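What follows is calculated from the coordinates using simple rules that are stated; it is not laboratory data. As the structure is a prediction and not an experimental result, all values here were calculated from the model. Here Cβ is always computed from backbone atoms with ideal geometry, including for glycine, and neighbour counts include all displayed protein chains.
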């Protein structure tokens, strides 16, 4: 259900049935999504993966319908969450798969606990699944059906568990890796990227859980195909992924090559996508209460202000510049005089940085 085919070319991908996406646009959506407690979801996935099988013991027999009803509710909630996330929000994801699987094997169960007569005709679809027989009492055909049921339940529960693990990997591992990539607040060259990646992998060597490492999940296969979505035929890489985790891994490294990477805005704290344009640590979302202003507008101003306030030489220069500019506006300096002073002030500032002028002497001269 959660597998799909994707085609990669330069800075975009096309997913069969879902359309075109920018490189790392889908990763951005997962980073931004407000998931419920993923660790709690993973624990429940593991519990159902362990317990959902045709009952073999007395207690399992008695409790099976109660277990399956809880599983219906749990996996329906997961389906609802998955349908909100790309690319599944554009794909026709099949809902109620567990219900369908159980009804495919309804000959193993009873829909109620009543003793019906010979003329009783069971409903087409069961809502309850009571087990009339113990595992060892099944005939050959029912035994084979029970084995097929177990295999289908194992595949289903594993698929959901891997999906939740992929989401955890995004929130914990991908986010941490991106933070290291953006620590220098600039695009990295190939060597710098490789060095950070090697160090990041070395930190994960002894982690037991695969979702705690920067690795793909599931299986994938690659071929090359010529496609012409925009006119001329070009070569696309076609991948068949069994999981979203496999896609996100390949897409991440496509983004590393092309400088299409999510990063967290230094002002609002939300993720945005850098698209190989001028590097900025701030997004372009509008700032509430600041009409016409974006995080990028205010963020760069704040960055400069922080730099000024932490640099006495620059702070002194900025104050002197404002004072002299005010004189020019009040016509106490001509334009030529202001330009002459501005050039002189830059020379003084550089001499202060080069320690050719002491700070007090620099301060006195630049304010004159």
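Annotations for the structure displayed:
- Anisotropy class of the stretch 221-368 from Cα gyration tensor, a/c 1.5 cut: prolate
- For the chain, built as a Gaussian network whose Cα springs stay under 10 Å, the top-fluctuating residue of 331, 264, 90: 331
- Rounded to 10°, Cα long-axis angle of helix 58-82 versus longest principal axis of the chain: 40 degrees
- Packing-based ranking of 225-232, 254-261, 123-130, 46-53 yields 254-261, 46-53, 123-130, 225-232, ordered from highest to lowest mean Cβ neighbour count within 10 Å.
- Helix-derived mean residue ellipticity, 222 nm - over the chain, DSSP H n ≥ 4, -39500 (n - 2.57), to 500: -16000 deg cm²/dmol
- Contour excess over end-to-end distance, with Cα ends at residue 340 and residue 309 and 0.36 nm allotted per residue: 8.6 nm
- Judged by the gyration tensor of its Cα atoms, with axes a ≥ b ≥ c, the stretch 148-246 is oblate; a/c meets the 1.5 cut and b/c is at least as large as a/b.
- Going from the residue with the fewest nearby Cβ atoms within 10 Å to the one with the most, 322, 22 rank 322, 22.
- Alpha-carbon centroids, the stretch 156-209 and the stretch 310-364: separation in whole Å: 47 Å
- If R0 equals 56 Å, the separation of the Cβ atoms of residue 332 and residue 5 corresponds to a calculated FRET efficiency of about 0.20.
- Note on residue 234 and residue 197: with the Förster distance fixed at 25 Å, the Cβ-Cβ geometry gives a FRET efficiency of about 0.30.
- Mean Cβ count within 10 Å, highest first, over the residues of peptides 349-358, 200-209: 349-358, 200-209
- Ascending count of other beta-carbon atoms within 10 Å, so fewest first, for 187, 236: 187, 236
- The angle between the Cα long axis of helix 140-169 and the longest principal axis of the Cα atoms of the chain comes to about 10 degrees, rounded to the nearest 10.
- Overall form of the stretch 1-277 per C-alpha gyration tensor (a/c, 1.5; a/b vs b/c): prolate
- Nearest-ten-degree value, helix 38-51 long axis tilted from longest Cα axis of the chain: 20 degrees
- Between residue 291 and residue 205, the simple label model (points 7 Å from Cα in the Cβ direction) yields a spacing of 6.0 nm.
- Segment residue 212..residue 276, full-extension length gain: 20.2 nm, with 0.36 nm per residue of separation and the alpha-carbon distance subtracted.
- Taking all Cα pairs closer than 8 Å and separated by 6 or more residues, the relative contact order of the stretch 127-280 comes to 19 percent.
- Added length on full extension, which subtracts the Cα-Cα distance from 0.36 nm per residue, residue 353 to residue 259: 30.4 nm
- FRET efficiency, residue 73 to residue 222 (Cβ-Cβ, R0 35 Å, nearest 0.05): 0.35
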